[in-house]
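Below you'll find the structure, written out as structure tokens, and then a few comments.
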Amino acid sequence: MGRPDPEEGQLPAPVKPPDGGWGWIVLLGCFVITGFSYAFPKAVSVYFKELMKDFHVGYSDTAWISSIMLAMLYGTGPVCSIMVNQFGCRPVMLIGGLLASAGMILASFTTNIIELYLTAGVLTGLGMALNFQPSLIMLGTYFDKRRPLANGLAAAGSPVFLSSLSPLGQVLLEKFGWRGGFLIMGGLLLNCCTCGAVMRPLDMGMKKKMGKAQDKYEAKEMLPIGGKSEEGISTTDGTKKGKKVKKKPKKGKKLLDFSIFSNRGFIIYTISKFILVLGLFVPPILLVNYAKDTGVPDTEAAFLLSIIGFIDIFARPACGMVAGLKWVRPHVAYLFSFSMLFNGLTDICSARASNYTGLVIFCVFFGISYGMVGALQFEVLMAIVGSQKFSSAIGLVLLIEAFAVLIGPPSAGRLVDALKNYEVIFYLAGSEVVLSALFLGVASYCCLNRGKKEPPPENNPTAGAGSDTEEAESDVQEAEEHSSDNHQPAHSTDNAVVVASEEANHVAEEQRGEGGGCPAGDGEVLARDGCNADQMVERDSF
């Protein structure tokens with residue numbers, strides 16, 4: 001099932017991201033998961049009018065369905081981080097797909113609004129959360145140089161699904177009612193299980209490649225020669241393994257790493273995202289009912305979300321390509337701040353739109369700005385904390401944002417019920433988004449520029465991953481060179497092994513001279529007259 005080593009978390013050893021290959025399949029899975037996770041809570045808003053009639057509740061009550069979905073998506077972040085670090089991405093995503101589907105299927109049989117909260121809200125939201133976060137983690141492990149583009153393409157799943165699910169929901173509502181629509185939607189969510197099945201851990205391919213080369217090397221060196229060759233192989237192999245064992249404690253991964261709160265960039269990002277989420281989701285959730293209240297037919301009102309989705313489809317990959325440019329990527333936080341400012345001003349300027357043409361213009365500009373925000377939000381977080389700490393960072397960020405999700409849309413719904421005026425809601429939501437943009441830009445400039453002498457957090461894990469990969473690849477190459485010498489006489493192989501043994505002794509003497517002995521437990525391995533036989537590492541653990 002792709003379960004990682006429990007001692008070392010999601011990635012047992014840092015492996016250089018391939019930036020392609022199977023990563024494109026992972027990207028496709030992340031595209032689908034992102035589409036369901038973000039578009040589904042908005043798409044169910046087409047059922048709200050019927051739910052209000054059947055359950056005799058107000059709009060604020062039905063708005064809680066979308067809010068609970070988003071709150072579960074965000075609030076269960078730490079739980080998802082712990083599960084991913086313990087069990088791996090694939091099994092967690094498979095369980096999440098089943099939960100999401102079961103929630104919508106059970107929701108089709110509910111008889112009151114509370115049951116709907118527990119099924120469509122809690123259960124489906126939890127299932128989508130168990131899919132969304134692991135998919136982003138896998139995307140970050142498969143892409144590095146092309147990561148901004150990959151994030152943009154994966155984020156494009158949200159508008160694609162939004163432009164599809166909203167009209168589909170309207171058709172299902174007209175033909176089957178809201179209960180039949182929920183049942184069919186539950187069947188569609190089973191596709192999340194398929195996406196989870198393709199999330200193959202990155203380190204498996206490297207381990208298999210190194211294992212095959214090591215087997216060839218051992219078979220060649222051990223069979224034709226006696227005890228001397230075995231001794232040399234043990235020494236050289238033990239020396240290489242000693243290096244790996246020495247680094248192993250540093251690669252250990254906590255179930256939830258709270259040390260990221262010492263990163264000033266992470267604190268600034270978290271605060272700005274909390275303010276952003278207060279108003280970001282309010283306009284698309286209220287848009288359909290706002291259009292219906294102004295006299296727009298139901299089908300055309302649902303089509304407004306499709307316009308946002310269509311524009312968003314092109315905005316996200318385009319923004320990802322721009323963010324990947326060499327002169328833009330170091331300043332991606334400021335680009336993210338600009339995108340939030342653009343989105344907030346769009347809400348404010350479009351607050352007085354009172355006809356269908358004005359709403360269409362609003363949807364065009366909102367789709368562009370919303371796409372920019374969606375493409376950059378996780379790229380900025382990856383750039384701040386690095387790929388090794390991203391699983392913990394995203395869990396904690398989503399937990400903090402969950403409180404904003406529970407405050408924003410429900411409060412907007414209550415204001416609509418009380419004031420019967422959507423203009424105030426758009427002004428309020430736009431002001432919150434503008435405030436978050438200004439805070440991120442100003443705080444990043446004033447606070448982070450003082451710490452320019454410190455290397456970016458992203459460089460450390462990336463550098464570590466690169467060095468470890470290069471060392472592993474050199475070991476594989478060396479082993480393959482040994483295995484390709486079958487045509488050489490036995491005495492030449494014997495000389496090669498003796499030279500390898502002498503090199504190992506020389507390395508051991510240097511380590512003894514620098515370290516001043518053989519400290520227990522640090523994983524250093526000496527030559528055949530070394531400190532302790534217990535420090536030798538088993539070959540088959542390679």
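Which of the chymotrypsin sites (Phe, Trp or Tyr not before Pro) found in the stretch 300-397 are in a DSSP loop and have at most 16 neighbouring Cβ atoms, other than their own, within 10 Å? Provide the component values of the computation, followed by the final result.
Details: sites: Phe303, Phe310, Phe314, Trp327, Tyr334, Phe336, Phe338, Phe342, Tyr356, Phe362, Phe365, Phe366, Tyr370, Phe378, Phe390; in loops: Trp327.
Passing sites in the stretch 300-397 are Trp327.
Return one whole number: the accessible area per residue of the stretch 16-221 in Å², for a 1.4 Å probe. The partial results should precede the final answer.
Working: 6870 Å² over 206 residues.
Computed with neighbouring chains in place, this is 33 Å² per residue.
The spacing between the stretch 353-423 and the stretch 269-295, judged by their C-alpha centroids, is 7 Å.
Full extension from Ile114 to Thr194: what is 0.36 nm times the residue separation minus their Cα-Cα distance, to one decimal in nm?
So the extension gain works out to 25.7 nm.
Apply the a/c threshold of 1.5 to the C-alpha gyration tensor of the stretch 16-221 and tell me whether it is rounded, prolate or oblate.
Working: a/c = 2.87, a/b = 2.42, b/c = 1.19.
Verdict is prolate for the stretch 16-221.
Distance between the C-alpha centres of the stretch 127-187 and the stretch 61-90: 15 Å, rounded to the whole angstrom.
Surface composition of the stretch 256-450: carbon and sulfur atoms hold 72% of the protein heavy-atom accessible area at a 1.4 Å probe. Of the solvent-accessible surface of the stretch 16-221, computed with a 1.4 Å probe and all protein chains present, 69% belongs to carbon and sulfur. Pairs exceeding a 26 Å alpha-carbon distance, out of Lys42/Lys389; Lys175/Lys292; Lys273/Lys389; Lys53/Lys175: Lys42/Lys389.
Each other residue within a Cβ distance under 11 Å of Ile113 adds +1 if Lys or Arg and -1 if Asp or Glu, for a net charge of -3.
The values are calculated or read from the model by the stated rules, or taken from the named source; none is laboratory data. Remember, it's a predicted structure, so these values are computed and weren't measured experimentally. Cβ sites come from the backbone with ideal geometry, for glycine too, and all protein chains shown count toward neighbours. Areas reflect the complete protein model, heavy atoms only, side chains present, ligands, DNA and RNA absent. Shrake-Rupley method; radii C 1.70, N 1.55, O 1.52, S 1.80 Å.
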